[in-house]
Amino acid sequence: MSSPEDSRVGVIRIEGTNCEDESAQAFASLGCDVEKVHLKQLVGEVEPSNCRNLSDYDALYFPGGFSSGDYVRAGAIFASRMKSGLKTQIDDFISSGKPVLGICNGFQILVELGALPGSDKGTTKIPDAVLHTNDSNRFEARHVNLKVNSSNKSFFLDKYEADQVLAIPNAHAEGKLILDKDKLEEIEKNNQVAFRYCNSEGSLGAGYPWNPNGAPNDIAGITNSKGNVLGMMPHPERVFHGWQHTDWTSSVIDPDGPGDGRPLFEGVVEFLCK
């Protein structure tokens, strides 16, 4: 069994990414060796001494933001640049079982890549889904409640309690997961849904504003069928500490304790250390 410092996490960014610092800090605070790496370093558009390969890392993290200004579609340009220069590398990384995590814009990137809902062999040639404009037609920025789907056995969820209800910050305009009926039935059958929007009591189907974007079946995050790729719209890195909780002044919240987002990162690190 290895230690966290033996695990190297690559936080992948381009112009417009804006959540890389807190994302890197989450892993670093758990002892991991973290590097923020620009896409240009991975496709050879820098000096040779600054070039990197995806194989340099044990886990990949795609943070939130507005990569390339969200032009065309959120995450589309980032994904296109990766496909054109790194498709074989990303397919090999995913098929090897290494963790890949995408948050908000990172989720959008993974969907555009075809990594989610995805294939055990890596990415699909054509995306099976899209993250569409919220039903409210506006940017939704506030905390949301999520229910952990205990039927999903991915290591990402290992540190959460079964059906635990979380309060996680949310900030997006294009978060409604859209996929055809057969694909939706498939991911439900395969227990690929990781998180669902719910009300504060954990009840599903509560509608807006509990579900901020109108996603079917209240889907907030999914994994691939293998369970090593996870994408979600809310931001767990923004509630890593108890004092970041929306109700941190409440007597039931320990501001010095862990936040609701921390167990997600702990699940990744525990997996890497096995």
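The values are calculated or read from the model by the stated rules, or taken from the named source; none is laboratory data. Since we're looking at a predicted model, the values are computed, not measured. Positions of Cβ are generated from backbone atoms using ideal geometry, with glycine treated the same way; all protein chains shown enter the neighbour counts.
Things to note:
- Pick from the range 71-105, criterion small (Gly, Ala, Ser) and part of a helix (DSSP H, G or I), ranking: nearest to Lys226 (Cα to Cα): Ser95
- Members of the range 106-144 found to be modelled with pLDDT of 95 or more, of a type in the set (Gly, Ala, Ser), surrounded by 15 or more Cβ atoms within 10 Å (Cβ to Cβ) and not in a strand (DSSP E or B), listed by number: Gly106, Gly114, Ala115
- Hits in the range 104-116 - residues which are over 18 Å from Asp58 (Cα atoms) and not polar (S, T, N, Q): Cys104, Phe107, Ile109, Val111, Glu112, Leu113, Gly114, Leu116
- Out of Glu188, Glu266, sole residue that is in a helix (DSSP H, G or I), within 18 Å of Lys159 (Cβ to Cβ), out of contact with any Phe, Trp or Tyr (no Cβ under 7 Å at 6 or more places or on another chain) and in contact (Cβ under 8 Å) with a residue 24 or more places away in the chain: Glu266
- Verdict on Leu60 being out of contact with any Ser or Thr (no Cβ under 6 Å at 6 or more places or on another chain), of a type in the set (A, V, I, L, M, F, W, C), closer than 17 Å to Ser84 by Cα and surrounded by 20 or more Cβ atoms within 10 Å (Cβ to Cβ): no
- Tally of residues being among the small types (Gly, Ala, Ser), touching a strand residue (DSSP E or B) at 6+ places or on another chain (Cβ under 6 Å) and either over 19 Å from Gly118 (Cβ atoms) or free of Cβ contacts under 8 Å to residues at least 12 places away in the same chain (or both) across the range 191-217: 3
- Residue in the range 154-184 that is surrounded by the most Cβ atoms within 10 Å (Cβ to Cβ), counting only those that are free of Cβ contacts under 8 Å to residues at least 40 places away in the same chain and among the aliphatic types (A, V, I, L, M): Leu184
- Test: residue in the range 238-260 that is under 24 Å from Val111 (Cα atoms), touching a strand residue (DSSP E or B) at 6+ places or on another chain (Cβ under 6 Å) and part of a loop (DSSP other than H, G, I, E, B): no
- Condition met for Ile12 (closer than 27 Å to Glu185 by Cβ and either of a type in the set (Ser, Thr, Tyr) or modelled with pLDDT of 95 or more (or both)): no
- Total residues in the range 26-49 satisfying the condition of being surrounded by fewer than 17 Cβ atoms within 10 Å (Cβ to Cβ) and either in contact (Cβ under 8 Å) with a residue 60 or more places away in the chain or aliphatic (A, V, I, L, M) (or both): the figure is 5.
- Residues satisfying the stated conditions in the range 50-69, i.e. over 21 Å from Val100 (Cβ atoms) and modelled with pLDDT under 95: Gly69
- Restricting attention to the range 1-27 and to residues that are part of a helix (DSSP H, G or I) and of a type in the set (S, T, N, Q), the residue that is farthest from the chain's Cα centre (by Cα) turns out to be Gln25.
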